[in-house]
Ligand code: PBG
């Protein structure tokens, strides 16, 4: 007996690439960049090899390094010079992200997405305005609607500074409609919103919280970010963001949540983004440092998997590494 159907025929050199179902391109990638008001020089981020906190005067050079690999887009995160209860520096006209946006707008062709959240700007590290006397309150909560007012103001401030797209990541209910109407009211009807629609309360954000200095000083984010156990709830979150006017839908993290990426791809008609987060990056680098994995191979395979699951866009710290090989 010999098999008549032999899938191996299409795996030979020469044909294997031709029949590949998924192909990566540098324009699939969005690279996160940390702009830091507290430093005059680039500071390497220990848990994220190859990434740095960059001062405003270096931001154009940093983004140019990314653009030469063929990548067209970056996502900006800010580390402000000071923090307070309400995150005042997040919507300051001379805030660190605003200054970086102006430089990038004037001096580069990058498509710049501004992550919008309060955790890097509040002294307590939560993504919004706290209820009551937080430090002594056992039942700490972030006030949803008071936080929305802050998000509206930050969105306007980022648009004023030249952000090409706004990406709210705070997981407050109603954040998309609030930001949409704030932008429209200010004459920014053409600025799209990429909603972090399904963002999970994930332990894979650890290295980012070191990088952006945004770990909660107490408590956790369980009362606003999603439970990793839930899939139907993601569907509900995404539906709400679509109804509220989200232009693109982001799932975060990516690799442990590929079922969610596939579900959003299947059921909604907006572009889908997936955020290959800091922990997903750091664990592969840690294994590679021990000589247990080949970093370029696993980076490429990770991004192929995320695209195969249905992502149109991949926010990833691996962007440059993989783009350079394509
Ligand atoms: C919050 C935000 C976080 C990340 C992106 N935006 C951290 C959090 O929710 O705690 C994590 C990204 C990563 O881990 O790479 N503004």
Picked from segment 4-32 (must be touching a helix residue (DSSP H, G or I) at 6+ places or on another chain (Cβ under 6 Å) and over 17 Å from residue 305 (Cβ atoms)), the residue farthest from the ligand (Cβ to nearest atom) is 19
**Item:** Yes/no for residue 257 being in contact with a strand residue (DSSP E or B) (Cβ under 7 Å, 6 or more places away or on another chain), within 13 Å of the ligand (Cβ to nearest atom), under 25 Å from residue 20 (Cα atoms) and part of a helix (DSSP H, G or I)
**Value:** yes
Note on residue 293: of the conditions (1) without any contact (Cβ under 8 Å) to a residue 24 or more places away in the chain; (2) within 15 Å of the ligand (Cβ to nearest atom); (3) surrounded by fewer than 18 Cβ atoms within 10 Å (Cβ to Cβ), unmet is (2)
Whether any residue in segment 97-107 is within 14 Å of the ligand (Cβ to nearest atom) and over 26 Å from residue 39 (Cβ atoms) is what I want to check. no
Residue count, segment 171-224, condition within 13 Å of the ligand (Cβ to nearest atom), part of a loop (DSSP other than H, G, I, E, B) and surrounded by 18 or more Cβ atoms within 10 Å (Cβ to Cβ), comes to 8
For segment 108-136, the count of residues that are in a loop (DSSP other than H, G, I, E, B), farther than 20 Å from residue 201 by Cβ and away from the ligand (no atom under 16 Å from the Cβ) equals 5
Being in a strand (DSSP E or B) and either more than 13 Å from the ligand (Cβ to nearest atom) or surrounded by 15 or more Cβ atoms within 10 Å (Cβ to Cβ) (or both) narrows 163, 167 down to just 167
Exception for residue 77 within (1) surrounded by fewer than 20 Cβ atoms within 10 Å (Cβ to Cβ); (2) outside any helix (DSSP H, G or I) falls at (1)
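Rule-based calculations on the coordinates, nothing more; no lab input. Treat the numbers as computed from the prediction; the structure is a model and nothing was measured. Backbone-built Cβ (ideal geometry, glycine too); neighbour counts: all protein chains shown.
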